[in-house]
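First the structure, in the form of structure tokens, and then the observations on it.
Every read-out reported here was derived from the displayed coordinates using simple, explicitly stated rules and does not represent laboratory data. Predicted model, so just to flag it, every value in this text is computed and none were measured. Cβ placement follows ideal geometry from the backbone for every residue including glycine, while neighbour counts extend to all protein chains displayed.
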């Protein structure tokens, strides 16, 4: 099962919405988006730093499902700089790197 870490920034349009309704629960919106593409919602937090929010999701589906969420959310004009990180197994990557290097001759 893949795990995804989603980060992004709210736009001025989103901040205006927060001021109109300060009690809104954005985690509910993130959960609905995640489930709409077949994922499982794990957590959502508003953060201080370079990103305004971080969500953790998972599921047995291709990366393109979450890329579709990115397209839809950024097209709404309320989120920008959305980044989707996919958890990976570094040991497996290192195994593939070792196999690749066994037949690779560097330039020079």
Size descriptor, Kirkwood hydrodynamic radius, that averages inverse alpha-carbon separations across region 36-94, Å: 13.1
Directionally averaged projected area (convex hull, Cα atoms, the chain), nm²: 9.7
Region 2-102 - percent relative contact order, Cα under 8 Å, separation 6 or more: 42
CD proxy at 222 nm, helix term only [per DSSP H run n ≥ 4: -39500 (n - 2.57); per residue of the chain; nearest 500]: -13000 deg cm²/dmol
Distance between region 1-62 and region 81-108 - C-alpha centres, whole angstrom: 29
Region 46-63 residues near the modelled residue 97 label - backbone nitrogen below 18 Å, point 7 Å along Cα→Cβ: none
Residue among 71, 85, 33 with the largest mean-square fluctuation in a Gaussian network model of the chain, springs linking Cα atoms under 10 Å: 71
The chain: angle of helix 26-36 to the longest principal axis, Cα-based, in degrees nearest 10: 50
Using alpha-carbon coordinates, inclination of helix 63-75 to the longest axis of the chain, degrees: 40
Peptides ranked, highest mean first, by Cβ atoms within 10 Å: ranges 54-61, 91-98, 8-15: 54-61, 8-15, 91-98
Degrees separating the helix 90-102 axis from the principal Cα axis of the chain, which is the longest one: 40
Approximate spin-label separation residue 46-residue 90, in nm, with each point projected 7 Å along Cα-to-Cβ: 3.4
